[in-house]
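Undergrad: Below is one structure. I have some questions about it.
The values are calculated or read from the model by the stated rules, or taken from the named source; none is laboratory data. Owing to the predicted nature of the structure, the values given are computational and were not obtained by experimental measurement. Neighbour counts are summed over all protein chains in view; Cβ atoms, including those assigned to glycine, are modelled from backbone coordinates with ideal geometry. Surface accessibility is based on the protein's heavy atoms, side chains included, excluding ligands, DNA and RNA. Shrake-Rupley method; radii C 1.70, N 1.55, O 1.52, S 1.80 Å.
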Amino acid sequence: MSLKKTDLAKNLALKISGQMKAAGVPGRFAQGSAEVIDRKEQRRRDAAAGLVPFACKLPSELVKQLNSRAAAHDGGLNALVAQLLQRGLAAGGEARAQ
């Protein structure tokens, strides 16, 4: 039994759309955002950079403030928190010395 012309066109369209979904985003449009790093590779890169995971529980209002400031910060949330901790620890050490 042969397929109708519309069925052939439908099958071809499904094949093309499947290929487009599997292809991903071309590099020239996303400039490297198509590169997906798995968790193990990300942990290895973080360790090589000297980064250590640090989890703590914070009040929700403080987290909202951090997220709003991090949106405008160049390094994102991680860099913002590191910067604020460094300032706080430096100021805390001076207050104890006096």
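Undergrad: Test Gly50 against the criterion of being modelled with pLDDT of 90 or more, open to solvent by less than 80 Å² (accessible area, probe 1.4 Å) and assigned to a loop (DSSP other than H, G, I, E, B), and give yes or no.
TA: Yes; evaluated as a whole, the condition is true for this residue.
Undergrad: What are the residue pairs meeting all of these: first residue in segment 51-65, first residue on the phi < 0 side of the Ramachandran plot, second residue open to solvent by 80 Å² or more (accessible area, probe 1.4 Å) and part of a helix (DSSP H, G or I), Cβ atoms under 9 Å, and 6 or more apart or on different chains?
TA: Between residues of segment 51-65 that are on the phi < 0 side of the Ramachandran plot and residues that are open to solvent by 80 Å² or more (accessible area, probe 1.4 Å) and part of a helix (DSSP H, G or I), the close pairs are Leu51/Arg45; Leu51/Asn78; Pro53/Arg43.
Undergrad: Considering only segment 16-35, I want to know if a residue exists there that is touching a His at 6+ places or on another chain (Cβ under 9 Å), of a type in the set (S, T, N, Q), at pLDDT 90 or above and surrounded by 10 or more Cβ atoms within 10 Å (Cβ to Cβ).
TA: no
Undergrad: Let me ask something else. At pLDDT below 90 and of a type in the set (A, V, I, L, M, F, W, C), is that true of Leu8?
TA: Judged against the criteria, Leu8 is not a match.
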